[in-house]
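Trainee: Dumping the structure here so I can ask a few things about it.
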Amino acid sequence: MDATLQALGGILLKAVPTIVLLIVVHFYLKWMFFRPLREVLAKRRAATEGMRESAEAMVAKADDQAKAIEAKLRIAREEIYQEQEESRRRWVAEQVLRLDEARRQARELIHQSKIQLDSETAAAKRDLASTANALADQIARSLLERRRA
């Protein structure tokens, strides 16, 4: 058993440089390869998360801007509708005024026509009265002349 332990000790003694070399390679790889790799992966993860957060912030900002634009559009539409309603009201009021003016002019024209018609009727009656008297005299003369003849 002693020989086995001695053989084992010899193997271990010969393995010490290999173990030291493995430990040096381990720390070398850890320092030169895995640490920069972890840093690159961490930067990539941070950049990815940052981009994701940035994208979410941009989407939120775009939603806010869309809501603001929709609100402005709604206000603009309301203003346009109010302007159209005001224009319609002015147009209706204008039409009412024109209609009232036309009615007033028509009443004035009818009144003037009545006055003119009344004066023409009175003149015609006077003419007829004078003509009727003249005709009556003529008829009476003509009847008297026939009886005399």
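Throughout, read-outs are computed from the coordinates displayed, never taken from laboratory work. Everything quoted here is computed from the prediction, not taken from an experiment. As a convention, Cβ positions derive from the backbone with ideal geometry for all residues, glycine included, and neighbour counts pool all protein chains shown.
Trainee: Against the definition (surrounded by 10 or more Cβ atoms within 10 Å (Cβ to Cβ) and either in contact with a helix residue (DSSP H, G or I) (Cβ under 9 Å, 6 or more places away or on another chain) or of a type in the set (D, E, K, R) (or both)), how does Glu145 come out, yes or no?
Mentor: For Glu145, the condition - surrounded by 10 or more Cβ atoms within 10 Å (Cβ to Cβ) and either in contact with a helix residue (DSSP H, G or I) (Cβ under 9 Å, 6 or more places away or on another chain) or of a type in the set (D, E, K, R) (or both) - is not met.
Trainee: Could you grab the pairs with beta carbons closer than 7 Å, sequence gap of 6+ or different chains, first residue in region 75-93 and without any contact (Cβ under 8 Å) to a residue 40 or more places away in the chain, second one assigned to a helix (DSSP H, G or I)?
Mentor: Every condition considered, no pair remains.
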